[in-house]
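The values are calculated or read from the model by the stated rules, or taken from the named source; none is laboratory data. Small disclaimer: the values here were computed from a predicted structure and weren't measured. All Cβ positions, glycine included, derive from the backbone under ideal geometry; neighbour counts span all protein chains shown. SASA here: full protein model, heavy atoms, side chains in, ligands and nucleic acids out. Shrake-Rupley method; radii C 1.70, N 1.55, O 1.52, S 1.80 Å.
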Amino acid sequence: IAQDLATPLESIQETIKPTDSPQEIIDKVFLWESNTLHLTRTTMDTGAITAAVEAILAANIVYIFGLGSSYAIGYDLQHKLMRAGIRAIAEEDSHFQAIIATDCTPQDVVFAISNSGKSLDIVTNSQIAKDSGATVISLTSTLINSPLSKISDISIRTAENETEPSVIG
């Protein structure tokens, strides 16, 4: 199993070079994305996905916490949930997250996004929300058993690898 999981990650370590043609760059980026999706699919916990969907559908409001690029994913999630008729609010500012978390109720869900699962603000604010009675769903990397995953009621993990194709010169 370990060898099967390692193979896709090895192939994404290929770096884009300044001498690469546009087609080579496209091929490397698509290979990296394809391998990430494949690894995520093979490690996906359908029980966690089902539990997350049920919690979101039952929620009064879904608050989405993320910082930086994780917030961008959260903002996209907000859009998709709202289009499905679900009340959702994405927040990037950690101080506002803390205020929201303090005011959460057992009818609310906090969907916390952090690739590393170690962001102190996200972990702290998610714990505050949990202490306030909210259900906490986290989205982190499969490769890490993170502090955020440990405090979450529902933990969804992806195979996102932060080592993506990059240009070296």
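Residues of the range 109-150 that are open to solvent by less than 30 Å² (accessible area, probe 1.4 Å), part of a helix (DSSP H, G or I) and either within 14 Å of GLY66 (Cβ to Cβ) or not polar (S, T, N, Q) (or both): ILE122, VAL123, ASN125, SER126, ALA129, LEU148. Among the residues of the range 70-92, those identified as open to solvent by 40 Å² or more (accessible area, probe 1.4 Å) and more than 19 Å from ASP121 (Cβ to Cβ) are ASP76, HIS79, LYS80, MET82, ARG83, ALA84, GLY85, ARG87. Filtering the range 82-112 to residues that are under 16 Å from LYS130 (Cβ atoms) and of a type in the set (A, V, I, L, M, F, W, C) leaves ALA98, ILE99, ILE100, ALA101, CYS104, VAL109, VAL110, PHE111, ALA112. When restricted to residues that are modelled with pLDDT under 95 and crowded, with 19+ Cβ neighbours inside 10 Å, the range 26-69 contains 3. Does the range 157-169 include one or more residues that are surrounded by 17 or more Cβ atoms within 10 Å (Cβ to Cβ), modelled with pLDDT under 95, assigned to a strand (DSSP E or B) and touching a helix residue (DSSP H, G or I) at 6+ places or on another chain (Cβ under 9 Å)? Checking the range 157-169: at least one residue is surrounded by 17 or more Cβ atoms within 10 Å (Cβ to Cβ), modelled with pLDDT under 95, assigned to a strand (DSSP E or B) and touching a helix residue (DSSP H, G or I) at 6+ places or on another chain (Cβ under 9 Å).
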